[in-house]
Amino acid sequence: MDNINIFLSKTESMRNGYLKMLDRADLDFKGKWLKHFGFLPNFFKEIYSVCNGTKPEINEQVFFDFIPGFRLMQVDEIIEKYEKEFINNIEFKIIIPFLADYASNYYAYAIKSDIECIVLVEDDEIEIIHYDISSFWKTIIAFYDEDVYYLDEDGYLSYDFEKECYVGRKYNSEIDYWK
């Protein structure tokens, strides 16, 4: 469970008050999850044991982002979105969205050929961006450590595109998305 805590610590250091905007962990999230999906990946157990994401409408928009442009979805919202949009996917064994933007694009946990990965779902296109869960965490934590993420003049989380590509390639060199 260290990855989420390391990431949230770095987020809070840059954006004092972010942790207060996250909803508390849903004590029944494991039951809800198992009822709908039949299994609970460690990836989701790690995140949702700590918090229940950010509501789609929050008062302080500077705390909207988990990563630039994408909000950490809440458990009930994940289940609803999965049932409406992802349950019939045939390319992957399963795709479960967990980060959402305002344009209905998602970062999602996926399983393909029995391998856990992270995909970006953008305009109905699905692209693998991390071949394993560890690479996802290493990459987004490195984005803080290597100054990819920064606060813009209005206090919103932003990123340096060139640095993002460079750091992303360092941790995901075999993935076309980062080339």
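Quick rundown of the values:
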| item | result |
| --- | --- |
| Residue-count net charge about residue 130 - beta-carbon cut-off 13 Å; Lys, Arg +1, Asp, Glu -1 | -1 |
| Tensor-based shape of region 34-140 (alpha-carbon gyration tensor, a/c under 1.5 rounded, otherwise prolate or oblate) | rounded |
| Solvent-accessible area of residue 147 with every protein chain in place, 1.4 Å probe, in Å² to the nearest 10 | 100 Å² |
| Using θ = phi - 60° and Karplus 6.51 cos²θ - 1.76 cosθ + 1.60, couplings along region 88-94 (whole Hz; Gly, Pro as x) | 9, 4, 10, 6, 10, 4, 7 |
| Fluctuation leader among 135, 113, 13 - the chain, Gaussian network, Cα springs under 10 angstrom | 113 |
| Gyration tensor (alpha-carbon) shape descriptor, region 97-172, a/c threshold 1.5 | oblate |
| Residues with amide H under 5 Å from that of residue 159, placed H, sequence gap 5 or more | 150 |
| List 71, 169, ordered by accessible area with a 1.4 Å probe, largest first | 169, 71 |
| Furthest towards positive pole of dipole, 48, 143, 11, structure part the chain, Cβ charges | 48 |
| Given charges at Cβ of Lys, Arg, Asp, Glu: the chain dipole, positive-most of 109, 126, 161 | 109 |
| The chain - accessible surface per residue (Å², probe 1.4 Å) | 52 Å² |
| Over the chain: helical MRE at 222 nm, DSSP H runs n ≥ 4 each giving -39500 (n - 2.57), nearest 500 | -10000 deg cm²/dmol |
| Distance from region 144-179 to region 70-104 (C-alpha centre basis), Å | 23 Å |
| Cβ-defined net charge surrounding residue 20, 12 Å radius [Lys, Arg +1; Asp, Glu -1] | -1 |
| Local net charge near residue 40, Cβ-Cβ under 11 Å (Lys/Arg +1, Asp/Glu -1) | +3 |
| Simple Cβ-charge dipole of the chain, Lys/Arg +1 and Asp/Glu -1, about Cα centre, in debye nearest 20 | 720 debye |
| Label zone at residue 25, where the point sits 7 Å out along the Cα-to-Cβ direction: region 45-63 residues whose backbone N lies under 20 Å | 45-55 |
| Sites residue 84 and residue 160 - FRET efficiency at Förster radius 35 Å, r taken between beta-carbons, to 0.05 | 0.50 |
| Rounded FRET efficiency, nearest 0.05, which uses the C-beta distance separating residue 151 from residue 36 and R0 of 41 Å | 0.70 |
| Derived scalar couplings ³J(HN,Hα) [region 55-62; Karplus, 6.51 cos²θ - 1.76 cosθ + 1.60; whole Hz; x for Gly, Pro] | 5, x, 10, 10, 5, 9, 4, 5 |
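The values are calculated or read from the model by the stated rules, or taken from the named source; none is laboratory data. As the structure is a prediction and not an experimental result, all values here were calculated from the model. As a convention, Cβ positions derive from the backbone with ideal geometry for all residues, glycine included, and neighbour counts pool all protein chains shown. Accessible surface is based on the protein model in full, side chains and every heavy atom, while ligands, DNA and RNA are left aside. Shrake-Rupley method; radii C 1.70, N 1.55, O 1.52, S 1.80 Å.
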